[in-house]
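Notes follow the structure.
Taken together, the values in this text are just the output of simple stated rules run on the coordinates, not laboratory data. Remember, predicted model here, so these are calculated numbers, not experimental data. FYI the Cβ positions are ideal-geometry reconstructions off the backbone, even for glycines, and counts take in every protein chain you see.
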Amino acid sequence: MPAHAEAFEIRTRGKGTYQITSEVAGIVQRSGIETGTVTVFVRHTSASLVIMENADPSARRDLEEFFERLVPEDTPWFVHTDEGPDDMPSHIRMALTRTSEVIPIMGGRMVLGTWQGIFLFEHRRAPHRREIVVSVVGE
């Protein structure tokens, strides 16, 4: 079964969601695979991936605010805080979401819904460089 893999880097400006759909779509196109799956993986423990609403940015802002309230910084009983008050919350937020997404490919294109996009979900306050690995398999 044919396979293709590439990696790319996303520079974040701190907490938030960063759309990576077009980068992944480009890799799928370059793979030449018409039918199969694409796996997208983030190589970090303080960032994650989500498939989310891509038309109205307020949906992503609501998601980000939900996680701020669900796993607040400066929680007094967190022990793992060597890198600051957002250290442990970023790891918990990553664990509650995903580090990979698998999307079907048909006709050489990802089969995402009309309003779906692939996003890197940065959980740290400071800017970071995040590596995304994309693997495409099929025929």
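For the chain, calculate the relative contact order in percent as a whole number, restricting contacts to Cα pairs under 8 Å that are 6 or more residues apart.
Working: 287 pairs, mean separation 76.1, N = 139.
That works out to 55 percent.
Could you calculate the FRET efficiency of R61 with T97 from 1/(1 + (r/R0)^6), where r is the beta carbon distance between them and R0 is 22 Å, rounded to 0.05?
After rounding to 0.05, the efficiency reads 0.85.
With each run of n ≥ 4 DSSP H residues scored as -39500 (n - 2.57), what mean residue ellipticity at 222 nm is computed for the chain after dividing by its residue count and rounding to the nearest 500 deg cm²/dmol? Spell out each step's value before the answer.
Working: 3 runs with 35 residues, N = 139.
Helix-only estimate at 222 nm: -8000 deg cm²/dmol.
Please report the net charge: other residues with Cβ closer than 12 Å to the Cβ of H128, K and R +1, D and E -1.
Details: positive: R11, R13, K15, R43, R124, R125, R129, R130; negative: E9, E83, D86, E122, E131.
Charge balance near H128 sits at +3.
Once you mark the chymotrypsin sites (Phe, Trp or Tyr not before Pro) that are in a DSSP loop and have at most 13 other Cβ atoms within 10 Å, what is the longest gap between them in the chain? List each step's numbers first, then the result.
Numbers: sites that count: W77, W115.
Longest site-free region, per DSSP loop and neighbour criteria: 1-76.
Measure off 7 Å from each Cα along the Cα-to-Cβ vector at M52 and W77, then give the distance between these two points in nanometres to one decimal.
For M52 paired with W77, the spin-label model returns 2.8 nm.
Rounded to the nearest 0.05, what FRET efficiency do A5 and T114 give with R0 = 25 Å and r taken as the Cβ-Cβ distance? Could you check? Before the final figure, lay out each step's value.
Values: r = 28 Å, r/R0 = 1.12.
E between A5 and T114, to the nearest 0.05, is 0.35.
Once you treat every alpha carbon in segment 3-138 as an equal point and sum by Debye, what is log10 I(q)/I(0) at q = 0.10, 0.16, 0.22 Å⁻¹?
With no solvent term, the Cα-only Debye profile gives -0.35, -0.80, -1.28.
Taking Cα atoms, how many degrees apart are the long axis of helix 21-31 and the longest axis of the chain, rounded to 10 and kept between 0 and 90?
30
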